[in-house]
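Trainee: Please read through the structure below; I'll follow up with questions.
Bear in mind these aren't lab numbers, they're just calculated from the coordinates by the rules spelled out. These figures come from a predicted structure and were not determined experimentally. Please note: Cβ atoms are built from the backbone with ideal geometry, for glycine as well, and neighbour counts cover all protein chains shown.
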Amino acid sequence: MCGELNRVYCLASPLSHQTVAGAPVVGRGVIYIYGEVEADQRKPGYPSPAHQMVGKNKGAGHLSFTRKKVDFTERVLFRVNNPSITRKGLPVKPIIEGRGLRKEFGTLKAVDGITFSVMPGEVFGFLGPNGAGKTTTMKMIECVAPATSGILTVFGLDVNRDPRRIKRWLGVVPQETNLDPDFTTLENLLVYARYFGIPAAEARQRSEELLSFVQLSEKRDVPIEKLSGGMKRRLILARALVNSPRLLVLDEPTIGLDPQARHLMWEKLKTLQAAGNTIVLTTHYLEEAERLCNRLVIMDHGKILVEGAPGDLVRQYAGEDVIEADYTPRVVRCLEEIGARFEVHGDMVQVFSDRPKEVATRLLSDCNPGRVFVRRGSLEDVFLSLTGRALRD
Amino acid sequence: MHIMIPRPTWYAWKVWRRNWDVFFKTYRVNFLPPFVEPVLYLLAIGYGLGIFVGEIEGIPYVHYIAPALLAISMMNSSFFECTYSSFVRMYYQKTFDAMISTPLSIEDVIAGELLWGATRSLIYATAMLVVLVAFGVVSLPSSLLVIPFSFLAGLLFSGIAMCFTAITPGIDTLNYPAFLFITPMFLFSGTFFPLSVLPEALQVFAIGVLPLAQVVTVTRSLTLATPLPFFFYSLAWIASCATVFFFLSIYLMKKRLVV
């Protein structure tokens, strides 16, 4: 995980604000610190709010700092450009950790003993057909639905014991649009900021910034009912950011959006990740998951089927390339002769092979196949082969 | 089963403040009923019907019904706020869902709704009191105590209302408590005629369990500046039931919403 990005986000015990001074840093590299140290823990030489500190280590354990302003405050986050420092130095603790997590509604096992962990700074996806347990998992992470059994920690805190502290640092985009229809666009952000106890002046400034971030400044005084679906989703994203969260939980953030609005949402999520946010999302759009997620799990019937980076999963379960041909008895006979793995879907045969050219050439030359396509394997192939093609409710 | 006593916190005032802000966004509409209603009732029932009634228990009829109008207003403003309006916020607007994604807990949210219902009762009773003072049908300064009392009475009706909201399957079934509980109470709680004309069993029933009967007793004592029989009983009844329903409604709502 650390090497993959060549840029590692390490959160040092997020709520206790231990800073780099206490961490044994070995090797050479640059450490950026975004963040704030709570007033009582602030000591000379420690980073102060709204400052980025850039330090280059001159020797083992020695750091010197320069300061730069940054936009995102209220997190203590170490971004280490040289991964070797992190591996040897700061321990990376998961932002979310679930172990044997279960949620039952009567006899229905919505989530059936899942174990997963989300690391700081990554975009982590939960995929699966309807009823797989994705939303229920999101609600447990949001401290809204209590688990039936199992352990779930967020920021190292137990969701049952510390929901208020966890929720303070959480940004939630729910599946259902639940903006407050009694208020305007801007007022929605202000009222929401008040729930977090953010002082009025700061809330106003932050809300205006966020409206421009999601390109809604022109709609600031418009009632919610006058916004389009895409605008509402963007406003919900802005609302989720009003408390400068350390973790964003997005339940189908792009549901029902047109391609333009979806691309804008992706761009915003990429920006947020680049700024050091950890993002957890569910989606039905596999292309979206492939683009956004560093790692993902595919769930079905409350269980996790596979976990991994999208590219790895595609290679492992679908192959680099997929061949599709018209379904005829002759084609099937040919494929059986070659010994290739294939599946029949309607009037098409899908062939999974690490020798796509060879198989395609053979089909074309010997089997009179009608149409033959070779295309890149995708997450959709993985998804369908793991969860089947039967319709869900 | 282990029953946890709900523990709302001061965060509830943030929910209260949200409702306050919405109320004052449309204050012109909201202040219409407390100013218009008493004028209409005083003219039609107090003076119109009052000509035929004359006096009740030595009190001019219009003075007799003035406190009842206050009590009814406390009941309606808080009861309907915490039934239909709360249900709309909970079920249709998903406002509660949005709130509990923040540091607010569901206990805070419901407590805030109840406090707001009580505040609405206070606002309406105060506005109405201004009209009644202008008509000279209530005694001063004792009537000013109606203002703090209206908050307590509002909290009682809010709590009862929120229990119905917690168990109602849909918004239509809230018509049951509205028509089978509120409307009969409106007529048979010593509002427009004294309880003493009712059969004895009904009198006992009204004094024993009807919340509005207690609120009318206390309010009438305050506007007439003479403690009526059962004044302290009614006050204690209201205070204790308001407390019970406050916690019970939060408990029931939590059971409904946290699954």
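Trainee: Of all DSSP beta bridges in the protein assembly as shown, what percent run antiparallel (nearest 5)? Numbers along the way, then the final one.
Mentor: Details: 60 of 77 bridges.
Bridges in the protein assembly as shown that DSSP calls antiparallel: roughly 80 percent.
Trainee: Order these peptides, A:289-298, A:242-251, B:20-29, by their mean beta-carbon neighbour count within 10 angstrom, highest first.
Mentor: Most protected by this proxy first, the peptides run A:242-251, A:289-298, B:20-29.
Trainee: Follow-up question, since we're still on this one. What whole number of Å gives the distance from the Cα centroid of region A:243-296 to the Cα centroid of region A:110-131?
Mentor: For region A:110-131 versus region A:243-296, the Cα centre distance is 14 Å.
Trainee: Okay, moving on. Using Cβ contacts closer than 10 Å as the measure, can you line up B:Met253, A:Met265 from fewest to most? Can you show the working numbers first?
Mentor: Details: B:Met253 26, A:Met265 22.
Going from least to most buried by this count: A:Met265, B:Met253.
Trainee: While we're on this one: Taking the Cα centre of region A:96-313 as the origin, how large is its charge dipole in debye, to the nearest 20, when only Lys and Arg (+1) and Asp and Glu (-1) carry charge on their Cβ atoms?
Mentor: That gives a dipole near 480 debye.
Trainee: Specify which residue in the list B:Gly117, B:Ala166, A:Gly150 is farthest towards the positive end of the charge dipole of the protein assembly as shown, using unit charges on the beta carbon of Lys, Arg (+1) and Asp, Glu (-1), about the Cα centre.
Mentor: A:Gly150
Trainee: May I pose another question? What number, in percent, do you get for the relative contact order of region A:96-313 if the mean sequence gap of Cα pairs under 8 Å and at least 6 apart is divided by its residue count?
Mentor: 30
Trainee: Right, here's the next one. If I histogram all Cα-Cα distances within region A:269-391 using bins 10 Å wide from 0, what percent of pairs lands in each bin?
Mentor: That works out to 12, 38, 28, 16, 6, 1, in percent per bin.
Trainee: So for region B:66-181, Kirkwood radius off the Cα pairs, Stokes-Einstein at 37 °C and 0.692 mPa s: how many µm² s⁻¹? Don't skip to the answer; put the middle values down first.
Mentor: Details: Rh = 14.9 Å.
Value of D from the Cα-based Kirkwood radius: 220 µm²/s.
Trainee: May I ask for the equivalent-ellipsoid semi-axes of region B:81-132, computed as the square root of five times each C-alpha gyration tensor eigenvalue and listed largest first in whole Å?
Mentor: Whole-Å semi-axes of the equivalent ellipsoid: 27, 12, 7.
Trainee: For a quick check of your reading of the filter: which GluC sites (Glu not before Pro) in region B:1-107 sit in a DSSP loop and have no more than 12 other Cβ atoms within 10 Å?
Mentor: B:Glu57
Trainee: Which value at 222 nm does chain B reach when only helices count, each DSSP H run of 4 or more adding -39,500 (n - 2.57), with the total divided by all residues and rounded to the nearest 500 deg cm²/dmol?
Mentor: After summing the helix terms and dividing by residue count, I get -20500 deg cm²/dmol.
Trainee: On to the next question. Which cross-chain or sequence-distant (5 or more) residues have an amide H under 5 Å from the amide H of A:Met348, H modelled 1.01 Å from N in plane?
Mentor: Close amide H contacts, sequence-distant or interchain: A:Tyr327.
Trainee: Separate question: As a test, work out the antiparallel percent of DSSP beta bridges whose residues both lie in region A:167-286, rounded to the nearest 5. Walk me through the intermediate numbers first.
Mentor: Details: 1 of 10 bridges.
Around 10 percent of the beta bridges assigned by DSSP in region A:167-286 are antiparallel ones.
Trainee: If we count every other residue with Cβ under 11 angstrom of A:Arg371's Cβ, Lys/Arg +1 and Asp/Glu -1, where does the sum land?
Mentor: Working: positive: none; negative: A:Glu324, A:Asp326, A:Asp347.
Net local charge, A:Arg371 excluded: -3.
Trainee: What is the ratio of the Cα radius of gyration of region A:96-313 to 2.2 N^0.38 Å, with N the residue count, to two decimals?
Mentor: Ratio of Cα Rg to 2.2 N^0.38 Å: 1.00.
Trainee: Please compute the Kirkwood hydrodynamic radius of region B:114-250 from all pairs of different C-alpha atoms, in Å with one decimal.
Mentor: It works out to 15.7 Å.
Trainee: Which order do the peptides B:120-132, A:353-365 come out in when sorted by mean C-beta neighbours inside 10 angstrom, highest first?
Mentor: Answer by packing, highest mean first, reads B:120-132, A:353-365.
Trainee: I've got another one for you. Taking Rh as the Kirkwood radius computed over C-alpha pairs, what is the Stokes-Einstein D of region A:319-377 at 37 °C in a medium of viscosity 0.692 mPa s, expressed in µm² per second?
Mentor: Rounded, D is 302 µm²/s.
Trainee: Would you pull out the residues with amide H under 5 Å of A:Val173's amide H, same chain only if 5 or more places away, H placed 1.01 Å from N?
Mentor: A:Val249, A:Leu250, A:Asp251
Trainee: Explain nothing, just the number: relative contact order of region B:12-257, from Cα pairs under 8 Å at least 6 residues apart, as a whole percent.
Mentor: Value for region B:12-257: 26 percent.
Trainee: While we're looking at this one, here's another question. Enter the mean number of other protein chain beta carbons within 10 Å of the beta carbon of each residue in A:177-183, as an integer.
Mentor: 6
Trainee: Share of Cα-Cα pairs in chain B beyond 22 Å, in percent?
Mentor: 55
Trainee: Okay, next question. Could you give me the ³J(HN,Hα) list for region A:298-310, computed from phi with Karplus coefficients 6.51, -1.76, 1.60 and θ = phi - 60°, whole Hz, x at Gly and Pro?
Mentor: Computed from phi, the couplings for region A:298-310 are 10, 10, 7, 6, x, 10, 8, 8, 9, 9, x, 6, x Hz.
Trainee: Convert each backbone phi in region A:156-169 into a coupling constant with the Karplus relation 6.51 cos²θ - 1.76 cosθ + 1.60 (shift: θ = phi - 60°), then list the ³J(HN,Hα) values in order as whole Hz, x for Gly and Pro.
Mentor: Values per residue, Gly and Pro as x: x, 10, 6, 5, 7, 8, 10, x, 5, 5, 5, 5, 4, 10 Hz.
Trainee: Helix by helix through chain B, keep the DSSP H runs that span 24 Å or more along the axis on Cα and average at least 0.0 on Kyte-Doolittle, and give those back in order.
Mentor: Flagged H segments are B:61-80, B:106-135, B:146-167, B:231-257.
Trainee: Quote the relative contact order of region A:322-389 in percent (integer), defining contacts as alpha-carbon pairs under 8 Å separated by 6+ residues.
Mentor: The normalised contact order for region A:322-389 reaches 41 percent.
Trainee: Now a separate question. Let me make sure I get this right: for region A:164-259, a, b and c are the square roots of the gyration tensor eigenvalues over alpha carbons, sorted descending. Under 1.5 in a/c it's rounded, otherwise prolate if a/b > b/c, else oblate. Which is it?
Mentor: oblate
Trainee: Compute the Cα gyration tensor for the protein assembly as shown, then decide on rounded, prolate or oblate, letting a ≥ b ≥ c be the square roots of its eigenvalues: rounded whenever a/c is under 1.5, prolate when a/b is larger than b/c in the other cases, and oblate in all that remain.
Mentor: Prolate, because a/c is 1.5 or more and a/b exceeds b/c.
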